[in-house]
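Input: a single structure, listed below in structure tokens.
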Amino acid sequence: MLSRIAAVLGVSAVVLGVSAVVLGGTAGVAVAQEGVNQQERLNQQEGVNQQDRTFLTETHQANLDMIEHGPMVERTASAPAVRDLAKRLVKDHLALDEDVKRVAGQVAVPLPGTAGAAGMADLRRMARNKGAAFDRAWLSHEADHHHHLLQAIAQELRMGSSLEVKKLAAEARPAVRAHLALLSQAGGEIPDAGMPGH
């Protein structure tokens, strides 16, 4: 068969046979390369466990909640320290969320696009309070959320499998601790509603 094709083409059967082997080998290399690419994608996905996905999703959601709530808190809070802190937390959570989105993209974890309904419901409940009562309610709410975030960071560091996600958690921890200290400090500046003269 090769000799008939070679005669028609005017080349030797050996040249035609070598060409077929080379072309077949090239196709084999392309198929092998695609297999390697698929395996790299699988390895990347396998490097991310459920803990990593949960951490990225919940941290992103917490960031979105803070970013969305911040402007309302700045308008509603009575104490300048609380208004300033809300502005600072929005700025910091915007930066943290950029890191979360970057890492989620690297490890192919989809993130929700909007803040959670529960967070907005919490904010509406707090907004029923006025003055120092609102300030205390918001500070308490944020302290609870930041404690929860610290617990999520600790759990990610213990149980996560992705080095990228664990690095993100470790890098976020100092900022979350600083936020807790600032929340506590701002709480000390809110007058006690039960004290005379306030």
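Read-outs throughout are calculated quantities, based only on the coordinates presented, and are distinct from any laboratory measurement. Every value quoted in this text rests on a predicted model; they were computed, and no experiment measured them. When we count neighbours, we look across all protein chains shown, and the Cβ atoms used for this are built from the backbone with ideal geometry, even at glycine.
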From the option list ARG53, ARG83, ARG125, single residue qualifying as in contact with a helix residue (DSSP H, G or I) (Cβ under 6 Å, 6 or more places away or on another chain) and among the basic types (Lys, Arg) is ARG83
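Restricting to region 162-176, give me the number of residues that are surrounded by 14 or more Cβ atoms within 10 Å (Cβ to Cβ) and either in contact with a helix residue (DSSP H, G or I) (Cβ under 7 Å, 6 or more places away or on another chain) or at positive phi (or both).
10
On the basis of being within 13 Å of the chain's Cα centre (by Cα), surrounded by 18 or more Cβ atoms within 10 Å (Cβ to Cβ), of a type in the set (A, V, I, L, M) and part of a helix (DSSP H, G or I), does LEU149 make the cut?
The answer is yes for LEU149.
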Consider only pairs whose beta carbons are under 7 Å apart and that are at least six residues apart or on different chains; among these, list those whose first residue lies in region 156-178 and is closer than 17 Å to GLN51 by Cα and whose second residue is among the basic types (Lys, Arg) and in a helix (DSSP H, G or I). GLU156/LYS166; LEU157/LYS166; GLY160/LYS166
Within region 79-119, the count of residues that are farther than 18 Å from VAL48 by Cα and in a loop (DSSP other than H, G, I, E, B) comes to 5
